[in-house]
1. Springs between alpha-carbon atoms under 10 Å, Gaussian network over chain A: tell me which of A:VAL218, A:VAL99, A:VAL91 tops the mean-square fluctuations.
2. Assigning unit charges at the beta carbon (Lys, Arg +1; Asp, Glu -1) and nothing else, what dipole magnitude in debye, to the nearest 20, does the stretch B:32-254 show about its Cα centre?
3. Using Cα-Cα distances under 8 Å and only pairs 6 or more residues apart, what relative contact order does chain A have, in percent?
4. Averaged across A:46-55, how many Cβ atoms of other chains sit within 10 Å of each residue's Cβ atom?
5. Based solely on its DSSP helices, what 222 nm [θ] is calculated for chain B when runs of n ≥ 4 H residues each add -39,500 (n - 2.57) and the sum is averaged over all residues, nearest 500 deg cm²/dmol?
6. With 10 angstrom as the radius, rank A:ILE182, B:ILE156 by how many other C-beta atoms surround their C-beta, starting from the fewest.
7. Could you tell me how many degrees, from 0 to 90 and to the nearest 10, lie between the Cα long axis of helix B:26-35 and the main elongation axis, the longest principal axis, of the Cα atoms of chain B?
8. Across every pair of different alpha-carbon atoms, what Kirkwood hydrodynamic radius in Å does the stretch B:34-120 reach?
Amino acid sequence: MDPLLLIGAITVGGVLIGGGVHFIPVGGAPAAIATATGVGTGTAMLAAGSGMTGLITAAAATGSPLWLVLLAGAAGAALMIGITMLVGNWVYVWGVGTVPVSAKVTKDPITGLEQEKFVTPGTEGHGIPTVCFVSGIIGGLLGGIGGGLIYYYIYNGLVTLPAYALLPGQTISVSAAMMAGIFALAVFFVNAVIASYNIGGTIEGFHDPKFKRLPRGVLGCIVASIVIGIVGILLLQGGVV
Amino acid sequence: MSVAAGGGGTSSIDPKQTLALGLIGGLVGIYLVPFVPILGPLFGALGAVCAIIWGADAIARVASYGLGTGVPSIGYMSLAIGVVGSLAGIAGAVMFGSSSVLIGPIFGVVLAMIVGAVVALVGTKVLKMKIPILVRCTVELSGAAAISVIGFSAAIAGSIGMSAILTTVVATGFIGLLFILNTMAIQHPFNACLGPQEDRSRTLKLAASTAFMAMAIVGILGIGVSKVWWVIAIIGAIAWFISISAFIQSSAENAASVKWSGLWPEEEM
């Protein structure tokens, strides 16, 4: 495989992942005690959950055309973040007893419902309101596509090498799939954490004022992903003795 | 997500000591694997333990500034960089000729440190993070992560060559386990001990216990591959017991008092 194609795929995938994180309602520690909007954990945990699910579903489509791998990755990651947000909302609504509400906007941009008077004084909202949920699904789709893209190109690059080649009777090369999977996961984590640094740990979604920092985060992800892509070339050029 | 303290506090441990322990101890351990017959993998695992203690000290220094994203995030990121660097380094060493397997680990550690430096520079220059030691500590963390991954991989595979690691660590999926296992071992000690009364020597006792716990698990992963898996597992378990006892003892000594409060009264239940 052309090394530049691999670097390009890793860079585009990294940008999709880093950009996707900006859409996900990461609430952090304040959300864990229902005093801020979003899922009550950090970006690294959400990246681990939805990123790994996306890569597993993308890997399940190994050997399929590119669009199917991307679709599988996007579906897996979006489904996982969706389930996380839904179950989180159950806990916020029926466990904590708060209304899912955003403190960053006065009216929900999607449903048009009033937000302001439902925010408990002294807090920055609770739970995952509609706009955050939709934003989170978009983020999951973007991240899943990015992870799937990286997985697809590394797998197809590796499988041409003798050490990773298909054995008779095999339809997928397990060692190439594992190597591509762990590499894509690593790119996922690096870009998720860079995006997390950019948003200062918490964000509500595309309606949050912090979302304007997206270009800066994307620039950071481009630089980091290009360097990781160059390092990744060694996997293909070096090989196995 | 945890909110760390205002940062820059004095540490009771000199960072140079942990750096020397991790870098020299880790690399010596890894390089003993191909040269010491039979017991080689044990030294690889011990090298990884040294690297984890180094990484736990580095994460304690950088995360005491308050990253805004919690302690685990930088741990996951550095292990991601460590995995990328170590696998690319071990595979890429072959480019210098088929007899150059031995430069693989050092090449991997250097690659990880370079990627770590780039990511940290992105943090300070592009994202304008105001943590003065971010670059230095991310480079140290990435190096520690790479050494810990290579050390444990060599302990399972019994070799530092790519073909053995590929079949016994990567293709079996253990690399994913090592990713999370080493992240936990490196980030947990400071995440558990942070606060105004954080004492670095106590934090590093916990780091030793998490590292040896990981080593015991790595020993079990070597069943069927390594002949000395049981030695690694038993030494890891014994050392875990010693280090966790030391940690609990120093926690009890540093506490104002330790009392069992009892359960809440019956009528309030």
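1. Top of the fluctuation ranking is A:VAL91.
2. Using Cβ point charges on Lys, Arg, Asp and Glu, the stretch B:32-254 gives about 320 debye.
3. In percent, rounded to a whole number, it is 34.
4. Across A:46-55, the average partner-chain Cβ count within 10 Å equals 1.
5. Rounded to the nearest 500, it is -22000 deg cm²/dmol.
6. Ordered by Cβ neighbours within 10 Å, fewest first: A:ILE182, B:ILE156.
7. Roughly 30 degrees between the two axes.
8. Here the Kirkwood hydrodynamic radius works out to 14.5 Å.
Throughout, read-outs are computed from the coordinates displayed, never taken from laboratory work. Everything numeric here is computed off the predicted structure, so don't read it as measured data. Positions of Cβ are backbone-derived with ideal geometry, glycine not excepted, and every protein chain shown enters the neighbour counts.
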